[in-house]
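A short worksheet on the structure shown next.
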């Protein structure tokens with residue numbers, strides 16, 4: 001695990017017993033970004049859901065490497081998860097700036113719905129040997145996160 | 001992260017499950033295994049006490065939705081949640097499930 005004042009990084013196994021490590025890292029970043037307890041809980045939720053999606057749909061429940069990097073710079077809190085699963089050619093439907101505003105809530109899409117409700121932006125980059133995902137939260141945007 | 005589940009049989013055909021810990025992809029399977037047998041023809045009420053739950057994700061919510069579906073499939077059945085912390089309630093609200101479940105406010109008995 002690596003850490004500096006504004007960022008934390010580590011490598012995890014996608015097996016589920018790593019979820020608690022991931023959540024602890026997000027909590028630390030939330031505190032460093034001076035987020036409220038509720039806001040931090042929402043960040044934990046979003047990262048937890050993305051990690052679960054990678055584990056379930058990327059690695060199909062098998063063990064796989066996930067590199068995680070969290071950073072807080074210039075009023076932007078970002079979480080990057082890099083997997084080495086099969087690259088997704090086109091995840092554009094998931095990765096617009098407001099991807100879920102018009103989507104219907106369905107049981108299968110609940111995790112994505114929660115990520116979208118919490119984060120301001122989701123980015124996906126297919127790589128030759130995997131995928132890179134970015135969850136971005138703009139701080140001090142004036143929106144009422146406590147509502 | 002663990003989830004402890006205590007089961008208490010109550011008067012009549014009612015059961016209370018008291019949860020303590022985290023309900024996520026890691027623990028939701030165990031919760032489902034405890035809830036599933038309760039969702040039968042003879043049971044009338046299942047009460048899920050979330051007072052000790054610090055965090056819940058979509059896997060946990062989906063497990064609880066199964067109980068909700070059971071309650072809606074038979075007349076007189078209740079699937080009740082209680083003891084939601086502020087953060088857990090916030091996740092129900094984000095999922096737009098807070099108005100769908102039967103949620104009791106206040107501390108459970």
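The values are calculated or read from the model by the stated rules, or taken from the named source; none is laboratory data. In this text, all values refer to a predicted model and were calculated from it rather than measured experimentally. Quick reminder, even Gly has a Cβ in these numbers, built from the backbone with ideal geometry, and neighbours come from all protein chains shown.
Say we look at region A:50-71 and pick out the residues that are within 16 Å of residue A:21 (Cβ to Cβ) and not in a strand (DSSP E or B); which of these is nearest to the other protein chains (Cβ to nearest Cβ)?
Here the answer is A:52.
Does residue A:20 satisfy being at the interface with chain B (Cβ under 10 Å from one of its Cβ atoms), over 13 Å from the mean Cα position of the chain (by Cα), part of a helix (DSSP H, G or I) and without any contact (Cβ under 8 Å) to a residue 60 or more places away in the chain?
yes
Just one of A:64, A:30 is surrounded by fewer than 22 Cβ atoms within 10 Å (Cβ to Cβ) and modelled with pLDDT of 90 or more; which is it?
Step by step, each of A:64, A:30 is checked, and only A:64 is surrounded by fewer than 22 Cβ atoms within 10 Å (Cβ to Cβ) and modelled with pLDDT of 90 or more.
Do you know which residues across region B:36-66 are more than 29 Å from residue A:118 (Cα to Cα) and touching a helix residue (DSSP H, G or I) at 6+ places or on another chain (Cβ under 6 Å)?
Scanning region B:36-66 gives B:39, B:46.
Would you mention how many residues in region A:28-49 are in a helix (DSSP H, G or I) and away from chain B (no Cβ under 14 Å)?
The number of residues fulfilling the criteria is 4.
Select from region B:67-83 the residues that are outside any strand (DSSP E or B) and in contact with a helix residue (DSSP H, G or I) (Cβ under 7 Å, 6 or more places away or on another chain) and list them in ascending order.
Once the filter is applied, which keeps residues that are outside any strand (DSSP E or B) and in contact with a helix residue (DSSP H, G or I) (Cβ under 7 Å, 6 or more places away or on another chain), region B:67-83 yields B:67, B:77.
Among the residues of region B:11-23, are any within 14 Å of another protein chain (Cβ to nearest Cβ), under 14 Å from the mean Cα position of the chain (by Cα) and surrounded by fewer than 13 Cβ atoms within 10 Å (Cβ to Cβ)?
No - not one qualifying residue is present in region B:11-23.
Across region B:36-85, which residue is surrounded by the fewest Cβ atoms within 10 Å (Cβ to Cβ) among those that are out of contact with any strand residue (DSSP E or B) (no Cβ under 9 Å at 6 or more places or on another chain) and within 15 Å of residue B:98 (Cβ to Cβ)?
B:65
Of the residues in region B:87-99, how many are within 11 Å of chain A (Cβ to nearest Cβ) and touching a helix residue (DSSP H, G or I) at 6+ places or on another chain (Cβ under 7 Å)?
6
Residue under question is residue A:25, and the condition is that it be buried (at least 19 other Cβ atoms within 10 Å of the Cβ), within 25 Å of residue B:98 (Cα to Cα) and at pLDDT 85 or above; does it hold?
no
Taking region B:41-66 on its own, how many of its residues are within 20 Å of residue B:13 (Cβ to Cβ), within 14 Å of chain A (Cβ to nearest Cβ) and part of a loop (DSSP other than H, G, I, E, B)?
0
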